[in-house]
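The block underneath contains the structure these notes are about, expressed in structure tokens.
Derivation of every value follows stated rules applied to the coordinates shown; laboratory data play no part. None of these values were measured; they are calculated from a predicted model. So basically every Cβ, Gly included, is an ideal-geometry build from the backbone, and we count neighbours across all protein chains shown.
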Amino acid sequence: MDYSKILTKYYGGHAWICGETYKSLRWLDETLAKPTEEELDLKYDDLQIVKMREERDKLLRDSDHCALPDFPQRDKWILYRQELRDFPSVWTPETPFPIKPE
């Protein structure tokens, strides 16, 4: 897990030195207790979801023109775009994004 990304996003205003593991994380801030490993794991999961949604949103934006009434194979693109909209409800980190029509 990349603790530096989590710490930067959620604890950027606090003092810490990040290592490769939770045990090597040195928490220097005296105004806030060091987050638990479980708390950081949950925040990591949140970051993964945000990253997935950003990619999904980009795929939707990139295919906006494919939903126009005169676009070739529009029906396939409409289905693909619906799969993208539904994707967050079935997503796990191992789940691939829907495949674009050809």
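Between Thr21 and Gln82, take the C-beta separation as r, use R0 = 35 Å, and let me know the FRET efficiency to the nearest 0.05. Mind showing how you got there, number by number?
Values: r = 42 Å, r/R0 = 1.19.
The value I calculate is 0.25.
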How high is the relative contact order of segment 1-52? Use alpha-carbon pairs under 8 Å, at least six apart in sequence, and give a whole percent. 32 percent
So what is the calculated 222 nm ellipticity per residue for the chain, using -39500 (n - 2.57) for each DSSP H run with n of 4 or more, over all residues, to the nearest 500 deg cm²/dmol? -17000 deg cm²/dmol
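Going by average Cβ neighbours within 10 Å, how do the peptides 73-83, 55-65 rank, with the highest at the top?
Details: 73-83: 14.5, 55-65: 12.8.
Answer by packing, highest mean first, reads 73-83, 55-65.
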Footprinting proxy, Ile49, Ile99: sorted fewest to most Cβ within 10 Å, the residues are Ile99, Ile49
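Just round it to a whole percent: the fraction of Cα-Cα distances in the chain exceeding 18 Å. Spell out each step's value before the answer.
On the way: 3011 of 5151 pairs.
Result for the distance tail: 58 percent.
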